[in-house]
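Here the structure is laid out as structure tokens; the discussion comes afterwards.
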Amino acid sequence: MKITTKINLLTTAWMLCILVVINFVVYFLFVQNTVTMEEDVQFHKAKEIMKEVGGTPTTNDLDTALKKHLTEHSFIRIMGPGDELIHQVTNDSMLSSKIEGKFAENKEAKNHVIKNQRHEEQVLVVRVPFGNGEQSLEIVERLEGLEARKETLKGILIACTVLAAVFSLLGGRWLANTIMRPISNMIKTMEEIETSGVPKTLSIEKRENDELQTMAQTFNRMISRIQGNMAKQAQFVSDASHELKTPLTVIKSYANLLRRHGVENKEIADEAIQAIHSEATRIQKMTDTFLDLADLEKENVLEISQIDLVALSRSSIKQLQEVYHREISLHTDASRVIIPADELKIKQVIIILLDNAMKYSSDKIDVYIEKVGDLAVLRVKDYGIGIPKEEITNIFERFYRVDKARSRETGGTGLGLHIARSIMKLHLGEINIRSEEGKGTEVELVFVG
Ligand SMILES: Nc1ncnc2c1ncn2[C@@H]1O[C@H](COP(=O)(O)OP(=O)(O)O)[C@@H](O)[C@H]1O
Ligand SMILES: [Mg+2]
């Protein structure tokens, strides 16, 4: 069953239940109220009769007095103790034959239902003590007005209920359609995405800021993110292929050279093998970096533990010094600076920064570590070529290099700083660069403690 039909039927059924209960209450209260009113009238009539007739009236007086108070379809009786009939005046002999007279010591009112061939009739019987309590007065009346009004009320209530059901069905359909339209749109768009494989956003109608609007906006945000990621991925594939193209072209041309006359010429052969080896190494490094990058795109990649930034920097510096024989000094007042971080990833960042400092400077390199309040700060400072001001914002982009030729010579891919920033972002930290062309560069890592 469609959700609109379901909503419609359920709301209508529920509304009908409520209406039926309300109708019963209204009907019941109406009948009770009318009967009580009628009782009051009859008791009042009894009082009047007693006032008029007084102590011990003659039968004639009694007859006239009682007759005066007779209404249509009613009778009045005087009963003696032991239920004997003392006097009766009637306007409806059938009614008086059906209701048995009864002596009553106390004031009472009773409802009787008498069955006719055609329908039931409600009869009100009121009894009050009469003439010093030795007799009782009995006034009986058919509640004709009540019968008629009951029927009218029943008709009105049924008609209203039916009307309400019809309106509820119509209104429910309209409401369900209004609610479902954006959802149906969304389903349509999702189906289109499913068949075409191309993410697409929903066109959002200008409406109030309701849950459906929020749902459509959330859906659009999600789609935009997917679109963004897909674009990024496509860009990456294109950039990466482009990067791989240069070394592969070099390898291919040296291989061609070897094929033509390299093997006879020892000099050419050596040069070619050397170049092929170095370009292949370059490709290998590059693919390793690509894998690193792909790893960072995943969520929850960090393995956090309490690490000592000083010890980690010291060991990284030592490792690089052994290979490159460069002067790198660590300056810090603290013997230990503990931060929650992924040790391997932070080591990777430190090495990326030191690698850049070594590549783009020839002088010494200074590393500073300090605690600033809750923060831990690590700075790598070199006195090399520096970065032009207008380039500083670009160097975190993937594959971006200020001087392509130079960077190629030094074996850079333009991914180092991008990876460093991704890792710092995962740690909720910061990476900042201050640089002056020709004077040097300082890269700062800020960790939250
Ligand atoms: N310490 C530095 N001094 C001067 N230029 C730098 C320094 N660090 C980075 N750069 C510039 O930023 C670019 C991007 O750096 P990076 O992402 O590490 O790529 P790569 O080192 O592979 O070229 C480098 O190509 C270089 O132009
Ligand atoms: Mg680098």
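The values are calculated or read from the model by the stated rules, or taken from the named source; none is laboratory data. What you are looking at is a predicted structure, and each value in this text was computed from that prediction instead of being measured. When we count neighbours, we look across all protein chains shown, and the Cβ atoms used for this are built from the backbone with ideal geometry, even at glycine. We work out accessible area using only protein heavy atoms, side chains counted, and drop any ligands, DNA or RNA first. Shrake-Rupley method; radii C 1.70, N 1.55, O 1.52, S 1.80 Å.
Here is how the numbers come out for the structure above:
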| item | result |
| --- | --- |
| Search result, residues across region 361-376 that are acidic (Asp, Glu) and open to solvent by less than 10 Å² (accessible area, probe 1.4 Å) | ASP366 |
| Options THR214, THR161, THR195; residue that is modelled with pLDDT of 90 or more, loosely packed, with under 14 Cβ neighbours inside 10 Å and assigned to a helix (DSSP H, G or I) | THR195 |
| Region 275-310, residues that are more than 26 Å from ASP239 (Cα to Cα) and surrounded by 12 or more Cβ atoms within 10 Å (Cβ to Cβ) | LEU302, ILE304, ILE307, ASP308, LEU309, VAL310 |
| Every pair of residues 6+ apart whose Cβ atoms lie under 8 Å, when the first sits in region 124-147 and is farther than 18 Å from MET37 by Cα while the second is of a type in the set (S, T, N, Q) | PRO129/ASN106; PRO129/GLN135; PRO129/SER136; PHE130/SER136; GLY131/THR56 |
| Residue in region 221-230 that is closer than 17 Å to HIS418 by Cβ and either under 19 Å from the mean Cα position of the chain (by Cα) or open to solvent by less than 50 Å² (accessible area, probe 1.4 Å) (or both) present | yes |
| Filter result (buried (at least 17 other Cβ atoms within 10 Å of the Cβ), over 19 Å from TYR400 (Cβ atoms) and within 12 Å of ligand 2 (Cβ to nearest atom)) within region 349-360 | LEU354, MET358 |
| Subset of region 111-158 [in a helix (DSSP H, G or I) and of a type in the set (Asp, Glu)] | GLU144, GLU147, GLU151 |
| Per-region count, region 235-257, residues open to solvent by 60 Å² or more (accessible area, probe 1.4 Å), aliphatic (A, V, I, L, M) and free of Cβ contacts under 8 Å to residues at least 24 places away in the same chain | 1 |
| Failed item in (1) modelled with pLDDT of 85 or more; (2) open to solvent by less than 50 Å² (accessible area, probe 1.4 Å), with VAL53 passing the rest | (1) |
| Filter result (surrounded by 17 or more Cβ atoms within 10 Å (Cβ to Cβ) and aliphatic (A, V, I, L, M)) within region 311-340 | LEU312, ILE317, LEU320, ILE328, VAL337, ILE339 |
| Qualifying residues in region 357-377 (those that are within 16 Å of ligand 1 (Cβ to nearest atom) and in contact with a Gly (Cβ under 6 Å, 6 or more places away or on another chain)) - the one nearest to THR332 (Cα to Cα) | SER361 |
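One line per residue, one yes/no per condition, for (1) surrounded by 19 or more Cβ atoms within 10 Å (Cβ to Cβ); (2) within 11 Å of ligand 2 (Cβ to nearest atom); (3) under 48 Å from the mean Cα position of the chain (by Cα); (4) in contact (Cβ under 8 Å) with a residue 40 or more places away in the chain:
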{"residue": "ASP342", "(1), (2), (3), (4)": "no, no, yes, yes"}
{"residue": "LYS345", "(1), (2), (3), (4)": "yes, no, yes, yes"}
{"residue": "GLU390", "(1), (2), (3), (4)": "no, no, yes, no"}
{"residue": "LYS404", "(1), (2), (3), (4)": "no, no, no, no"}
{"residue": "HIS418", "(1), (2), (3), (4)": "yes, yes, yes, yes"}
